[in-house]
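Visitor: Structure below; questions to follow.
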């Protein structure tokens with residue numbers, strides 16, 4: 001078990017993702033989840049507190065990192081919804097076609113190696129009437145910020161668990177067959193602009 005990746009990095013990410021600006025976006029997004037939910041890349045379980053137990057049957061949590069699963073233990077114990085583990089990366093979702101009502105993505109696509117394949121897997125398991133809720137950082141609209149995102153990504157991903165600063169989130173969703181129904185974007189407060197540009201909203205699928 002690499003000490004940095006499984007012990008140090010999970011603590012860094014847990015502290016970062018529990019910051020107030022992240023929590024404000026989670027409060028807007030996560031309560032919209034309904035039915036059987038698939039959360040890809042649960043991390044330390046920061047979303048769990050925001051699920052509406054009256055609307056959600058249970059949550060499949062897909063998190064390949066043992067360190068992150070350990071970091072999530074407390075949040076799982078306090079979760080208002082039932083949690084079921086899926087111990088595989090996003091590119092290999094072990095669920096049947098059209099078996100999920102809601103897919104949840106929060107700050108996950110940046111670190112999945114083949115994020116296009118992972119999105120196609122999410123498209124496959126989502127029901128025709130289902131929805132994908134997303135909150136992801138990615139390519140900023142300002143050219144000077146994009147320049148720094150491109151320059152920094154090679155080194156950044158080595159120390160931040162594969163995190164890419166410059167992924168075009170809306171384009172990636174559409175290429176995987178999703179239709180973006182609602183989307184907003186902003187620079188996160190108190191974060192450097194190169195890492196803080198965030199897209200959040202809701203998408204559905206094309207069959």
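The values are calculated or read from the model by the stated rules, or taken from the named source; none is laboratory data. Computed from a predicted model, the values in this text were never measured in an experiment. Glycine also receives a Cβ, built like all others from the backbone with ideal geometry; neighbour counts cover every protein chain displayed.
Visitor: Tally the residues that are closer than 14 Å to residue 22 by Cα and either modelled with pLDDT under 95 or outside any strand (DSSP E or B) (or both), restricting the search to region 176-191.
Guide: 4
Visitor: Kindly list the number of the only condition in (1) surrounded by 12 or more Cβ atoms within 10 Å (Cβ to Cβ); (2) at pLDDT below 95; (3) over 22 Å from residue 126 (Cα atoms) that fails for residue 152.
Guide: For residue 152, the exception is condition (2).
Visitor: Follow-up question, since we're still on this one. So, of the residues in region 79-89 that are more than 16 Å from residue 35 (Cβ to Cβ) and part of a loop (DSSP other than H, G, I, E, B), which turns out to be modelled with the lowest pLDDT?
Guide: Going through the qualifying residues, I end up with 89.
Visitor: Inside region 1-78, counting only helices (runs of 4 or more DSSP H) that do not spill past its ends, which hold 3 or more residues that are modelled with pLDDT of 90 or more and farther than 20 Å from residue 94 by Cβ?
Guide: Answer list for region 1-78: 20-29.
Visitor: Is it the case that region 189-203 has a residue that's crowded, with 17+ Cβ neighbours inside 10 Å and more than 21 Å from residue 42 (Cα to Cα)?
Guide: Yes, region 189-203 has at least one match.
Rundown of residues vs (1) touching a helix residue (DSSP H, G or I) at 6+ places or on another chain (Cβ under 7 Å); (2) more than 26 Å from residue 33 (Cα to Cα); (3) without any contact (Cβ under 8 Å) to a residue 40 or more places away in the chain; (4) not in a strand (DSSP E or B), yes/no style:
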{"residue": "91", "(1), (2), (3), (4)": "yes, no, yes, yes"}
{"residue": "101", "(1), (2), (3), (4)": "no, no, no, no"}
{"residue": "119", "(1), (2), (3), (4)": "yes, no, no, yes"}
{"residue": "131", "(1), (2), (3), (4)": "no, no, no, no"}
{"residue": "144", "(1), (2), (3), (4)": "no, yes, yes, yes"}
{"residue": "148", "(1), (2), (3), (4)": "yes, yes, no, yes"}
{"residue": "158", "(1), (2), (3), (4)": "no, yes, yes, yes"}
{"residue": "174", "(1), (2), (3), (4)": "no, no, yes, yes"}
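Visitor: Further question on the same structure: Quick one: how many residues across region 156-171 are within 16 Å of residue 134 (Cα to Cα) and surrounded by fewer than 19 Cβ atoms within 10 Å (Cβ to Cβ)?
Guide: 3
Visitor: Give the residue, chosen from 135, 110, that is farther than 19 Å from residue 206 by Cα, touching a residue at least 24 places away in the same chain (Cβ under 8 Å) and assigned to a helix (DSSP H, G or I).
Guide: Every option except 110 fails the conditions.
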